[in-house]
Amino acid sequence: MLNHFYSFMVKGLVAKKSDDFSAWYADVVLKAELIEHTSVSGCMVYRPGSFAIWEALQRFLDSEFKKLGVQNAYFPSLIPESLLTKEADHVEGFAPEVAWVTHGGDKELSERLAIRPTSETIMYESYGKWIRSYRDLPLKLNQWCNVVRWEFKHPRPFLRGREFLWQEGHTVHASEESARQEVYAILDVYRRAYEEILAVPVLAGAKSIAERFAGADTTTSLEALFPDGKAVQACTSHYLGTGFAQAFNITFLDASGQQQFGHQNSWGFSTRSIGIMIGVHGDDKGLVLPPRIAPVPVVVVPITFSKDKEGSQNVLSVAQDLCDTHGWHLDNRDQSPGSRFAEWEMKGIPVRIELGPRDLQNNTVVVVRRDTSEKAVVSLNEVAQHVSVLLEDIQKSLFVQAKKHLDASIVEVSSLSELKDVVEQGKIGVACWVDSPENEEEIKKVTGAKSLTSASEKEGMCVVSGKKVSSRHYFGKSY
C-alpha cells in the first residue's frame with residue numbers, strides 16, 4: 001500500500017505558515033514527499049503521495065463528467081504551427097508560452113511543432129471532419145493529459161509549473177443555449193470537487209473581458225483564497241462561441257437543412273488544485289489532508305517495548321487485526337513512536353491511532369485527529385464507529401474553517417481608495433464597476449489588485465467611472 005509514500009525521517013519546517021507562506025509552502029511539499037524537483041526548472045516529479053491525490057480527484061471528476069454524457073479520448077501532444085495559428089486570438093494569447101520542437105534527431109523539421117499548451121486546435125481539426133449533421137451533436141470529449149507552458153520566471157510546485165497535469169473537455173453544441181448550460185454545469189462539478197472533496201470554499205463567476213481565455217466569448221472560473229491574502233484561479237469553464245468553428249470549419253446541417261457553425265466549450269481542472277488544498281489547510285506541522293482525498297485516511301501506530309516481548313507481540317497482533325478488518329494503514333517500523341507521529345503529521349494523515357501495552361490492558365486506543373491535534377481514549381470495541389464519525393467531522397470542519405476565513409476576507413467597497421486599503425490588508429474587495437480593459441487597468445494601477453470573478457448583481461456606482469451599474473466583481477491580489 002503506497003510503500004514509497006512513507007519512507008523518511010521527518011525534519012521540522014523551516015518557516016511558519018503565518019510568517020513566510022512562500023517558504024513554508026516550498027518546504028512542506030518536499031518534506032511531505034509530494035514532489036521532487038528535476039534538472040528542468042518548472043518540471044517536477046509527482047511522487048506517489050501527490051499522484052494518489054490526483055487519482056482520487058480524477059475518479060470523482062471522471063464519474064461526474066460521464067453523467068453529463070462526456071466520453072474520454074486522447075489527442076497528440078505535438079501540434080503543427082499551421083494549426084496553432086488558425087484562430088488569431090487564441091494563438092496570440094498562447095504564443096509567449098509555447099515550447100517548440102524544431103528538430104527530429106539531427107534533421108530540422110519542415111514545420112515547427114508546438115508541445116501542447118492546450119488542445120483546442122489539434123482536437124478541432126478532427127471535429128471538423130467528424131461533424132456533419134445536428135444528429136452528430138452534441139459532441140462531448142474529454143482528455144486526461146499533460147500540457148507545457150513555458151513563459152514565467154518563478155515556478156511553484158502545483159501552482160505554477162512549466163509542465164502540469166489536467167483534464168480538458170472540448171464540446172460542440174447545436175445551440176448557444178445548450179453550450180452555455182454546460183459551461184455552468186461543469187463549473188458546478190468543479191465547485192463540488194473543491195468544496196466536497198478538497199474542503200476548499202471557492203468563489204464562482206465570470207471573468208472580466210481582459211481576463212477571458214484567448215479566443216473565448218465567455219470565461220467562468222472558481223477562485224480560492226490563500227492565508228497570505230492572495231487569490232488563485234482554481235479552474236475555468238469557457239463558452240467559445242463560434243470563432244473556432246469558423247476557423248476549423250466545424251459546421252452541421254440543422255433540422256431544416258441549413259448549414260450552421262457549432263457552438264463550442266472548453267473546460268479544464270488541473271493539479272493546481274493540489275497546491276490550493278495544501279495552502280488552504282496546511283499548518284506549521286505540515287500537510288492537513290481532508291479525509292475524502294487522503295491516500296491513507298487512518299494510520300495505526302503500535303507502541304512496543306523490547307523488555308516486554310509478550311505484551312508487544314499482543315499489541316502488534318491487535319494492531320494488525322484492526323488494519324486488516326478496517327482497511328487502515330499499519331506503521332510497525334522499528335522507529336521511535338515520536339518520529340512516526342511526526343512523520344504522519346507532516347504528511348497530513350487525518351486520523352492516527354496509538355496502541356500500546358497499557359492501552360491494550362484497558363481495552364482502549366488513543367485516537368488523534370490531525371486538524372486539531374485533539375486526543376480521545378476510545379474503547380477497542382467502539383473505535384471503528386468513532387473513527388467513521390470523526391473522519392466526516394474532520395472533512396466538515398476543514399471546510400467550515402476555510403469558509404469562515406474566506407467570508408471574513410470579503411469586504412464591499414465603493415471607491416478605489418477603499419479597495420486599495422482592503423487589498424493591502426490581504427483581503428478581497430467586491431465592487432460595482434463597468435467591465436472594460438481600460439477600467440481594469442486603472443484598478444491595477446491604483447490598487448495593485450486584479451479582477452478575479454463576477455459577484456452577484458447589486459446596484460451602485462462604478463468605482464472607476466462613477467456610472468450607475470448593477471454588475472459587481474471581486475478584486476484582489478493574485479498568483
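Readers should treat all values here as calculations from the given coordinates under stated rules, not as data from a laboratory. Quick caveat, the model's predicted, so the values are computed rather than measured. Cβ atoms come from the backbone with ideal geometry, glycine included; neighbour counts cover every protein chain shown.
Quick notes on this structure:
- The string of couplings for the stretch 41-52 from the Karplus curve (6.51, -1.76, 1.60, θ = phi - 60°) is 4, x, 10, 10, 8, 8, 6, x, x, 6, 5, 5 Hz, one whole number per residue in order, with x for Gly and Pro.
- Once both labels are positioned 7 Å from their Cα atoms along Cα-to-Cβ, the gap between residue 154 and residue 108 label points is 3.8 nm.
- Square roots of 5 times each gyration tensor eigenvalue, C-alpha, the stretch 17-63, largest first, Å: 23, 15, 9
- The calculated FRET efficiency for the pair residue 415 and residue 97, based on their C-beta separation and a Förster distance of 41 Å, comes to about 0.70.
- Spin-label model, residue 63 to residue 321: label points 7 Å out along the Cα-to-beta-carbon direction sit 3.2 nm apart.
- Taking amide H atoms as placed 1.01 Å from N in the peptide plane, the amide H of residue 208 has no partner under 5 Å among residues 5 or more positions away or on other chains.
- Contact order normalised by residue count of the chain, Cα under 8 Å, 6+ apart, percent: 14
- Taking the stretch 410-476 and dividing mean pair separation by its residue count, relative contact order in percent (alpha carbons under 8 Å, at least six apart): 38
- 3J(HN,Hα) along the stretch 15-32, derived from phi through the Karplus expression 6.51 cos²θ - 1.76 cosθ + 1.60 where θ = phi - 60°, amounts to 9, 7, 4, 6, 8, 8, 4, 4, 5, 4, 4, 4, 6, 5, 5, 7, 6, 8 Hz, with x in place of Gly and Pro.
- Label-point separation in nm, residue 332 to residue 254, each point 7 Å along Cα→Cβ: 7.0
- Once C-alpha pairs closer than 8 Å and six or more residues apart are averaged by separation and normalised to the residue number of the stretch 298-397, the relative contact order reads 26 percent.
- Under Karplus coefficients 6.51, -1.76 and 1.60, residue-wise ³J(HN,Hα) of the stretch 305-313 in Hz, glycine/proline x: 9, 5, 7, 10, 5, 5, x, 5, 5
- Amide H contacts under 5 Å for residue 364, placed H, 5+ residues apart: 380
- In this structure, the residue pairs whose Cα-Cα separation is over 30 Å, taken from 140/427; 420/458; 66/375; 86/427, are 140/427; 66/375; 86/427.
- Volume of the convex hull of the stretch 307-433 (Cα atoms only), normalised per residue: 134 Å³.
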